[in-house]
Every structure is written in structure tokens, then in C-alpha cells.
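Accompanying notes for the structure given below.
The values are calculated or read from the model by the stated rules, or taken from the named source; none is laboratory data. Given the structure is predicted, the values throughout are model-derived calculations rather than measurements. Cβ placement follows ideal geometry from the backbone for every residue including glycine, while neighbour counts extend to all protein chains displayed.
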């Protein structure tokens, strides 16, 4: 009889300690989850305090079929553009030159990726990742952050000044 009573007390203590351990562990995990959530939100806000967009480049490691395409020629002044420039409210030549500089001014080569139906080593319309992929995160300045992916079909190589890391 005494052994039965001790056995029941041990079983009840075991069950009570398991229930207590469950709720204590759950409370600790919730506190840590809330702390990490606030910390991540603060770090994200700090990251986006200096910029509104971040893009990371991913490469699948698979072979990609591409062909070099010419960079459009820089707009030149012609007699017609000279006559257009007489209109001081809107200068088409300056506008075209500015657009060209924004889009192509710092590129030295451009490549067009061949679609899947032309080559088995390229992008396809089913959004299967076979080459380059740009991961983007954009903040609207508030509490919302948008994630997006871009599958490029043209890639331009930029001119970059060579610097030595030891200088």
C-alpha cells in the first residue's frame, strides 16, 4: 500500500513537472521569438535608412546561352537637332543624350540571353531558373518590405575603375 502511494506520487509529480516544463519552455521560446522579431525589424529599418532597394545576384551555375548585341550609338547633333535646340522649353537632343547616358553610358558590352526554344542552355518562359536571377528587397519607407525576383533576358557589363585592395 505504501509502495502504491509512492508510485502514484511519483507519477503525479512526473506529469506535473512535464506540464510545467512544457509551459515554461513555451514561454521562453515566445519571449526569444519576440525579442528576435523586434531585433530583426530594427535591423531591417536601419538597413533601409540609407537606401530603399537592395538587389543580390544569384547564378545557378548552369550553362547559359547568350549572344553579344551592340550598344545603341550615342545620339549625335545634326542640323535638325540644332534647330530643335532653338526651342528652349524642351531640347530633344539633350533629353535623348541624357536617356542614353542613363541607360548605356557606363556599359562596355551587352548580351542577350537566348530563349529556351533556341537553345537548351538558357532562360525559359516557365520561370525555371537556368542562369542569372536577381533577388530584390524594396522598402516603401514604412513598415512594409517587398521581395521580388527578376529573371533577366539582357545583361550589360559595366565599366569599372580598377582599384587595388591593398592601396
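Within the stretch 24-56, how many residues turn out to be loosely packed, with under 10 Cβ neighbours inside 10 Å and in contact (Cβ under 8 Å) with a residue 60 or more places away in the chain?
Of the residues in that region, 1 qualify.
Could you check, for the stretch 35-49, whether at least one of its residues is farther than 22 Å from residue 140 by Cα and part of a loop (DSSP other than H, G, I, E, B)?
no
Just checking, does the stretch 12-20 include any residue being modelled with pLDDT of 90 or more, within 39 Å of the chain's Cα centre (by Cα) and either loosely packed, with under 10 Cβ neighbours inside 10 Å or not in a strand (DSSP E or B) (or both)?
no
Return only the number of the condition from (1) closer than 21 Å to residue 133 by Cβ; (2) out of contact with any strand residue (DSSP E or B) (no Cβ under 7 Å at 6 or more places or on another chain) that residue 21 does not satisfy.
Just one mismatch for residue 21, condition (1).
Taking the stretch 58-88, which residues are modelled with pLDDT of 80 or more and touching a strand residue (DSSP E or B) at 6+ places or on another chain (Cβ under 8 Å)?
Hits for the stretch 58-88 are 67, 68, 69, 70, 71.
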